[in-house]
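Bear in mind these aren't lab numbers, they're just calculated from the coordinates by the rules spelled out. Fair warning: this is a prediction, and the values are worked out from it, not measured in the lab. Here Cβ is always computed from backbone atoms with ideal geometry, including for glycine, and neighbour counts include all displayed protein chains.
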């Protein structure tokens, strides 16, 4: 695309040298010939690297400052905000050609994207997921990175997906993405709101700021809005097409005859007077909410009821979400991504209701998390556990002992502290006796652990399966699947 044409689409008048644009870049190290460099102020100031971008071949600089440079420049009010329309138009406005379903809220986003993908795929729709576990089409992973990718990556993959014949994209929408204008210019077909709990206060500082970011964004959209009516903040969401789901307050979608066990869920859902019978391998009351959100969205998208039932009931598990390993002597290992106080409460309380033996819980707190959150997570873990093993979880540059001191404030059960997460998991296996449950929280199927600025390769699921291989002398593909549920 010609530079003048691209800038015109962004409502920028440009009369200087015209070239064919190669790409949009905001990291000066990645600039190539005829790229546009967008200087963004973040942890580093992109304006300090303009000369490097020019040396690498940038054809235009976009900045909030009148930087002295040897190539044309455009001064804008907010360069970060300009990144979204630039990326959208450069990659052919493909987001406008796709049916995008956004899922936002503190907890439940990933689970809902997988449930909804299973429903849409069952109905014959070619759909993709964009979220915590990457950009996924079926079992094929195209990208792995941020929950909501930066605008350049996001719109690049919208184009890739469109070219692949994908018609629907179910995307996790984080509060950070909203605040950083990553989603500007995208109009979804529908948005699902799950809940809002104590999280990301290192960035948003207060729950009021956090909630306003989410609610104001949802209210700005002209689309179907599917809301958890049992969540306090949902009352502030307005619009002509608001559809509710819940178990406590009157709602458009509700569930009755709920049977909840370690084996899964059974219930009957009434979705705007459509009766849907659920028999799912997913377990936990919170997954009743996730399923209700998904099937409500499916009905709003005019998916037929048999496809909805089959799509939910055929989904065996969600990677990194309450993944269960049934061992001998009635021992169970559970891996879950829960990393907030609300997530801990929901997962651990469910396990406590299912199991009669000891519960051994392994977790840590990220280095940038606030002290109160750490204390609360420790308190909740202590309430439901018989033993706690503290380890690292993206601790980065923070001191392990300081993080653990906060966590241990309100813990009143035995605690073992092991820095190496692999060693912690191995130790957890060694402590298990008959009827015990080993719960590993915080990372799910993440593939690294951030320590001292370095992403150290690590995967909780792989470590669990490695320990099972050693204990049972079986290899993946030759027996281990028999004990994975």
Task: Difference of contour (0.36 nm per residue) and Cα-Cα distance, residue 413 to residue 1 - done: 142.1 nm
Task: Label-to-label distance, nm, for residues given as residue 9 and residue 212 (7 Å Cα→Cβ offset) - done: 3.4
TODO: Can you tell me the order of 55-61, 374-380 when each peptide is scored by its average per-residue count of other Cβ atoms within 10 angstrom, highest first?
DONE: 374-380, 55-61
TODO: Report relative contact order for the range 3-79 in percent, whole number only (criteria: Cα-Cα under 8 Å, sequence separation at least 6).
DONE: 23
Task: residue 354/residue 317 FRET efficiency (R0 25 Å; Cβ-Cβ; nearest 0.05) - done: 0.95
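Over all distinct Cα pairs, what is the inverse of the mean 1/r for the range 323-483, reported as the Kirkwood hydrodynamic radius in Å? The partial results should precede the final answer.
Working: mean 1/r = 0.0636 Å⁻¹.
With all distinct Cα pairs of the range 323-483 included, I get 15.7 Å.
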TODO: Could you give the spread of the C-alpha atoms of the range 94-313 along their three principal axes, from largest to smallest, in whole angstroms?
DONE: 46, 41, 35
Task: Reduced Cα scattering model of the range 3-79, Debye log10 I(q)/I(0), q = 0.27 Å⁻¹ - done: -1.43
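What's the extension gain from residue 143 to residue 263 if we count 0.36 nm per residue and subtract their Cα-Cα distance?
Values: separation 120, 0.36 × 120 = 43.20 nm, distance 3.20 nm.
Full extension of this stretch gives 40.0 nm more.
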Open item on the list: Between the range 71-127 and the range 334-384, what is the separation of their alpha carbon centroids in Å?
Closed with: 32
TODO: Can you tell me which of 397-403, 241-247 comes out highest on packing, and rank the rest after it, using the mean Cβ neighbours within 10 Å?
DONE: 241-247, 397-403
TODO: Could you let me know the centre-to-centre spacing of the range 390-457 and the range 147-171, using Cα atoms, in angstrom?
DONE: 34
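Roughly speaking, what is the stretch gain from residue 167 to residue 77, that is 0.36 nm per residue apart minus the C-alpha to C-alpha distance, in nm to one decimal?
Gain on stretching residue 167 to residue 77: 28.9 nm.
Residue 426 to residue 125: FRET efficiency via 1/(1 + (r/R0)^6), r the Cβ-Cβ distance, R0 51 Å, to the nearest 0.05? Don't jump to the answer; show the numbers that get you there.
Values: r = 43 Å, r/R0 = 0.84.
Efficiency for this residue pair is about 0.75.
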Task: Quarter of Cα convex hull surface for the range 124-200, i.e. mean projection, nm² - done: 5.7
Task: Degrees between helix 109-122 axis and first principal axis of the chain (Cα, 0 to 90, nearest 10) - done: 90
- [ ] For helix 341-354, report the angle its Cα long axis makes with the longest principal axis of the Cα atoms of the chain; keep it between 0 and 90° and round to the nearest 10°.
- [x] 30
Open item on the list: Within the range 391-431, list the residues whose amide N lies under 19 Å from a label point set 7 Å along Cα→Cβ of residue 448.
Closed with: 392-398, 420-422
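What is the packing order of peptides 122-128, 189-195, taking the mean over residues of other C-beta atoms within 10 Å and listing the highest first?
In descending order of packing, they fall as 189-195, 122-128.
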TODO: Grab the alpha carbons of the chain, take their convex hull, and tell me the volume per residue in Å³.
DONE: 153
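Report the percentage of all Cα-Cα pairs in the range 11-152 whose separation exceeds 22 Å, rounded to a whole percent. Walk me through the numbers before you get to the answer.
Numbers: 4926 of 10011 pairs.
Tail fraction, whole percent: 49.
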- [ ] Over the alpha-carbon set of the range 231-340, work out the extent along each principal axis and list the three values in angstrom, largest first.
- [x] 53, 33, 24
Open item on the list: Suppose each label sits 7 Å from its Cα in the direction of the beta carbon; what would the residue 272-residue 236 distance come out to in nanometres?
Closed with: 2.6
